[in-house]
Each structure stands twice: as C-alpha cells, then as structure tokens.
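> Dropping a structure here in structure tokens format, bear with me for questions.
Coordinate-derived values only; no laboratory data. What you are looking at is a predicted structure, and each value in this text was computed from that prediction instead of being measured. Methodologically, a virtual Cβ is constructed for each residue, glycine included, from the backbone with ideal geometry; neighbour enumeration extends over all protein chains shown.
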Amino acid sequence: MEKVRVRLPGYLHFPYNAVFSLHKPPAAFYLSRMKFILARKVSMTQIFTDEGRMRAGTILKTGPIEITQVKSSEKDGYTAVQVGFDTQKPQRLSKPVLGHLKGKAFKVLKEFRLGLDDTSAYSIGDEITADIFSVGDKVRVAGTSKGKGFAGVVKRYGFHGGPRTHGQKHSEREPGSIGGSGGRAGGRVAKGIRMGGRMGSDRITTDGLTVLAVDSKLGEIIVSGAVPGSRDSLVEIVSL
C-alpha cells in the first residue's frame with residue numbers, strides 16, 4: 001500500500017511527517033465527531049473573567065437548526081449532515097426543494113461532512129441548539145468578509161503610490177510599472193501582478209477561537225476575538 005507524507009492544516013494537529021494511506025484519508029480530514037452550528041453575527045462585546053481580566057468577544061445568535069438530510073457512504077459515497085437554518089415563506093422556494101424539505105422552508109441549507117461511517121446518531125428533524133457547545137471549547141468560525149468593491153492598489157495591497165510633489169500630477173495612488181514591456185515578463189502582463197480589483201467578500205476562516213459564554217435561552221454564543229463578516233452575516237461554527 002502506497003504511503004505519502006503530507007503537510008496538513010494546523011487545526012488538525014498532526015506532525016509534519018505524519019504518514020497516511022492514499023487509499024483512505026484520516027478521519028481528521030473530515031473533522032470527525034465535531035460539533036457544528038450556524039449562526040448570525042450580532043456585535044462585539046467584552047467579557048470579564050473571574051480574575052478580573054477583560055477579553056474581547058463576538059456575540060453569535062444561533063437559533064435552532066434542523067437536520068434536513070443525512071447522507072451515508074453506502075448511498076452517497078460519503079457521510080454528511082445537511083441542516084436548515086432561518087425559516088422563510090414556503091412560496092419563495094421551488095416545489096422540488098419543498099418536497100426535499102418535507103414542506104418546511106429554510107433560508108439557508110448547509111452541509112457538514114463527517115468522518116464517521118455510522119450516522120445513526122443523526123436523524124432528520126433533530127434540532128441542534130447553542131448548548132451543544134460548552135465554555136472553553138475551541139472552535140473554528142468561517143464567514144464572508146465585508147465587501148469593499150473595486151479597490152486600487154493603495155487600499156488593496158498597501159502600496160505607497162507615487163510622489164505627491166516635484167511636478168507630479170496624477171500619480172498619488174498609481175500602481176507604477178507592472179514590468180510588461182519586453183523585460184522579464186516578455187512583453188505581456190505576468191500572472192499574479194498585484195493590481196486594482198475586487199476587494200473583500202471572500203470566505204474567511206478563523207481558527208482557535210474559544211467559547212467564552214453560552215446562553216441556551218437566548219440562543220447566543222460568545223467567542224473570543226473577532227469574527228469575519230458584517231453584522232447579521234451568516235457564520236459557521238465548528239469544534240476543533
């Protein structure tokens with residue numbers, strides 16, 4: 001059986017020289033036995049510990065999410081749980097989607113892959129609430145960063161721009177030479193040149209955050225530090 005040495009993402013906590021089979025990836029690739037939930041970003045706040053230390057945190061409003069589909073390796077080729085979050089009017093969905101959801105209407109459908117062959121612990125219709133997490137849990141939060149629109153190189157990459165004086169007119173925020181006139185680029189624009197373009201609205205994942213507080217009545221989770229995205233944006237919370 002062929003073996004390979006791979007560099008894994010840091011949150012998987014495997015050494016650099018870990019050896020795995022090419023035929024069956026380790027269960028950690030799919031974050032097996034994980035806790036997961038969807039939430040919306042509310043705002044940032046401050047939490048004071050028993051020692052009087054202040055910690056910055058982000059309030060995430062979860063609300064119950066419902067399991068809408070359980071995928072098995074025998075039928076679908078992999079194990080996963082599909083969940084629905086945030087209800088809406090049924091007439092806004094197509095009939096095939098309503099049939100799949102058994103008449104229920106959700107704004108968000110999200111699939112979480114599992115590393116377990118046995119999915120008997122999950123059933124369609126089960127609800128997942130905020131109290132699945134506990135204070136002190138390490139989590140990974142993924143969301144969509146704030147969109148900035150079309151931005152120049154000064155804002156997008158931190159370029160200094162051109163001179164402001166000495167006879168210069170319009171070079172304050174110009175990118176300068178892009179090296180494409182017969183030099184190293186061979187009369188073309190080389191790939192990867194940093195230029196103006198769309199900025200933001202990217203999927204950002206923040207690892208290693210700590211759950212500071214859980215309010216099951218309000219359905220809120222407070223995690224340490226900042227979370228990507230604007231207020232009321234959707235985020236995914238997954239245990240590490």
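> My understanding is that a pair violates if its Cα-Cα distance is over 20 Å; which of 61/155; 35/61; 71/102; 35/110; 71/110; 61/217 do that in this structure?
Long pairs (Cα-Cα over 20 Å): 61/155.
> At 7 Å along Cα-to-Cβ for each site, give me the label-to-label distance between residue 42 and residue 94 in nm.
About 3.7 nm, to one decimal.
> While we're looking at this one, here's another question. Label residue 134 and residue 194 with points 7 Å out from Cα along Cα→Cβ: what is the distance between them in nm?
In this crude label model, residue 134 to residue 194 measures out at 4.5 nm.
> Rank these for me by crowding, 54, 195, going from fewest to most other beta carbons within 10 Å.
Exposure proxy ranking, most exposed first: 54, 195.
> Take the alpha carbon gyration tensor of the stretch 47-129, find the square roots of its eigenvalues, order them as a ≥ b ≥ c, and report rounded if a/c is under 1.5; if not, report prolate when a/b exceeds b/c, else oblate.
Oblate, since a/c reaches 1.5 and b/c is not below a/b.
> Same structure, new question: Arranged from highest to lowest average of other beta-carbon atoms within 10 Å per residue, in what order do the peptides 34-40, 73-79, 225-231 appear?
My ranking of the peptides, most packed first, is 34-40, 225-231, 73-79.
> Rank these for me by crowding, 160, 100, going from fewest to most other beta carbons within 10 Å.
Neighbour counts put them in this order, fewest first: 160, 100.
> Ok, one more. Which residues in the stretch 186-209 have a backbone N closer than 14 Å to a point placed 7 Å from the Cα of residue 232 along the Cα-to-Cβ line?
No residue qualifies, since no backbone N sits under 14 Å from the label point.
> Taking 8 Å as the Cα distance limit and 6 or more residues as the minimum spacing, I'd like the relative contact order of the stretch 181-240 as a percentage.
This gives 21 percent for the stretch 181-240.
> How much length would be gained if the chain were fully extended between residue 49 and residue 105, taking 0.36 nm per residue of separation minus their Cα-Cα distance, in nm to one decimal?
Taking 0.36 nm per residue and subtracting the Cα distance, the gain is 16.1 nm.
> May I ask you to list the aspartates and glutamates whose Cα is less than 20 Å away from that of residue 138, ignoring any residue fewer than eight positions away on the same chain?
Once the sequence-local aspartates and glutamates are set aside, what remains near residue 138 is 50, 207, 215, 220, 236.
> Rounded to the nearest 0.05, what FRET efficiency do residue 145 and residue 118 have when you use their Cβ-Cβ distance and R0 = 30 Å?
Between residue 145 and residue 118 the formula returns 0.25.
> Output the peptides 170-179, 149-158 sorted from most to least packed, where packing is the average of other Cβ atoms within 10 Å over each peptide's residues.
149-158, 170-179
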